[in-house]
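Asks: Just dropping this structure here.
A short reminder: the numbers here are calculations on the coordinates, not readings from a lab. Remember, it's a predicted structure, so these values are computed and weren't measured experimentally. So basically every Cβ, Gly included, is an ideal-geometry build from the backbone, and we count neighbours across all protein chains shown.
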Amino acid sequence: MFLPEEFTRYTRQLMGDGRYERFIAALSETAPVSIRLNPLKTDGCAVASAWDDGEVPWCKEGHYLKSRPDFTFDPLLHAGAYYVQEASSMFVCHVLRSLVHEPVTMLDLCAAPGGKSTAARAVLPEGSLLYSNEPIRQRYHILEENLQKWGHPDVVATNRYPRDYARSGMTFDVILCDVPCSGEGMFRKDEGAVGEWSEANVRRCQQLQRDIVSEAWQCLRPGGYLIYSTCTYNAHENEENIAWMLDTLEATPVVIPTEASWGITGPLAGDPALPLYRFIPGFTKGEGLFMAVVKKEGLSQGQGARGFSEGQGARGKGQENTSPQVGTGRALSAGNGPLPKLPNAQTPKLPDSQTPKLPGQTSNVPTIDVDYPTAIAYLRGEAVVLPADTPRGPVTIGYQGLPLGQAKNIGTRANNLYPKPWRIRSQAAHEAFQLIEKKR
C-alpha cells in the first residue's frame, strides 16, 4: 500500500518504530469482517457455525466472520436482523454499558450511516430516547433507512447542523460526537481515503471537530457525558482535541474499564495518564478508531448523574420525510423540519401524534412468510405471487419470521410497495446462505 510521505513520517514518529512496523504489516492483511446482531430481532439466534469466527470481546452482540458473504443477497440484513459494522466501532456498546444504567436522553450528532446509533439504541436502557442526527442530506436518507430497518421505536432521526441543536435549547444526558475526520483508519478498506489525505486536511478536520464539540457542549446537561470518536490515528484530531476540551470546556476525563487482552492502545502524545482508547490494526482485531469520554461537571435539578456510573477522573457530525416506512421499524423522522422540544424530564416521551404510522397498515394486516427466491424478488422491487389463501389487500412480506416490507395482494400477484431507494439493483443470481440460525 502506498502511503503519503508526510503521513508515514509523522505516524512513525507518533507510534514509534516498533509499533509502526507492526501497524504497517497489518495494513497489508485482509481486514476482519464483523456483524452486530439486533437483540430486538435475533433473541434465541446465533451466527451460523460455518460463518462465526468468534465474539467481539467488547460487544457481546458482535461477531467476527470467517469470510465476507455477499450481504446484499441476505434478506435478514434487509430485515434488520444484524448490522455490518467494523468491530472497533462496537466499542461504543461497551462505553454505554459501562456508564448508563437508567433511562437517558442521548444525541448522536454525526450519525450516518447509523452504525453507532443502532449500537447505542441496542444497549441503552428501555425508556431512553435517542436522537440520531446527520447534517448531510444524502447521508441522512441512508441513516433513516438503517434506523427504520433496525426497528427500535424510541429513536428520532433528524437532518440538522450541530449549530441548530445548539440554538434549540434542547439538552441531553449523553452526546456522541463521531466527528468527520481525515479518515486514516479507513486506509486498509478504502484506497480513496489515502488519496484524499493531506496535512492541510488534518488541520481543517481538527478545527471542524472543535466547532462541532463546542456546539454539542451547549446541549450537554451538567453531569452528562460526551463521547468523542474518530477513525484516524494522528494526535492533532485525537489527543490534542481532548486536551483542548479539558482546558477550554473544563471537561473531566472519564475512565472506561477495559481488558488487556483487547489490545487497546492508550495515549501516544500529551498526558500519558489520560484515559484514551486507540484501536490500531496489528494490536486490535479491527480498523483504526480513537474514542474518549469526558464529563460536564455539575448537576442539574432532577437530571445529570442519575443513571450514570461514575468513571474515575484521570486528569492530572428540509422537510418531514414522506417516504414509505416498512414494517421493520417506526423511528420518528423529524427530517430538517422544526426540532421537537423535549420536556424537562429524565424519560421524555413524544406525543403519540408524532409517531408515524406504516402506510396502509393496521393492526390486523397479515404477515406472509416467503421463501428465499420470493424474498429476493421482493427486495428487487418485483411483483410477487403469494399463496392462494393470502387475503387480498395490504400484507406484510416476511422472511424467517421477520418483516421485510409492505405489498398489496390483488390475487394473481402482490404489487410491491418496498421503497424504491432501498431495492436491490443487482440482477445477479445468488444462492441462499444461512448466516444466522436458531440456537439449538
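Asks: Which of these values of Rg and Dmax of the Cα atoms in Å was calculated from the structure shown: [x] 20.1, 66; [y] 22.4, 73; [z] 21.8, 64?
Replies: So the structure-derived entry is [y].
Asks: Still on this structure, please answer the following. I'd like the FRET efficiency for Glu6 and Asp247, computed as 1/(1 + (r/R0)^6) with the beta carbon distance as r and R0 of 30 Å, rounded to 0.05. It would help to have the intermediate numbers written out before the result.
Replies: On the way: r = 27 Å, r/R0 = 0.91.
After rounding to 0.05, the efficiency reads 0.65.
Asks: Quote to one decimal, in nm, the extra length available between Leu208 and Thr30 on full extension: 0.36 nm per residue of separation minus the C-alpha distance between them. Let's see the in-between values first.
Replies: Values: separation 178, 0.36 × 178 = 64.08 nm, distance 3.18 nm.
The Leu208-Thr30 span can extend by a further 60.9 nm.
Asks: Could you give the size of the charge dipole of the chain about its Cα centre, using +1 on the Cβ of each K and R and -1 on the Cβ of each D and E, expressed in debye and rounded to the nearest 20?
Replies: Its charge dipole is roughly 1020 debye.
Asks: Among 27-35, 12-20, how do they line up from the highest to the lowest mean number of other beta-carbon atoms within 10 Å?
Replies: Packing proxy ranking, top to bottom: 27-35, 12-20.
Asks: Now, a different point. For a label point 7 Å from the Cα of Lys189 along Cα→C-beta, name the residues of segment 62-76 whose backbone N is under 17 Å from it.
Replies: 62-72, by backbone N distance to the label point.
Asks: In terms of Cα to Cα distance under 12 Å, which aspartates and glutamates are near enough to Lys439, apart from those fewer than 8 places away along the same chain?
Replies: Result set, ordered by chain and number: Asp43.
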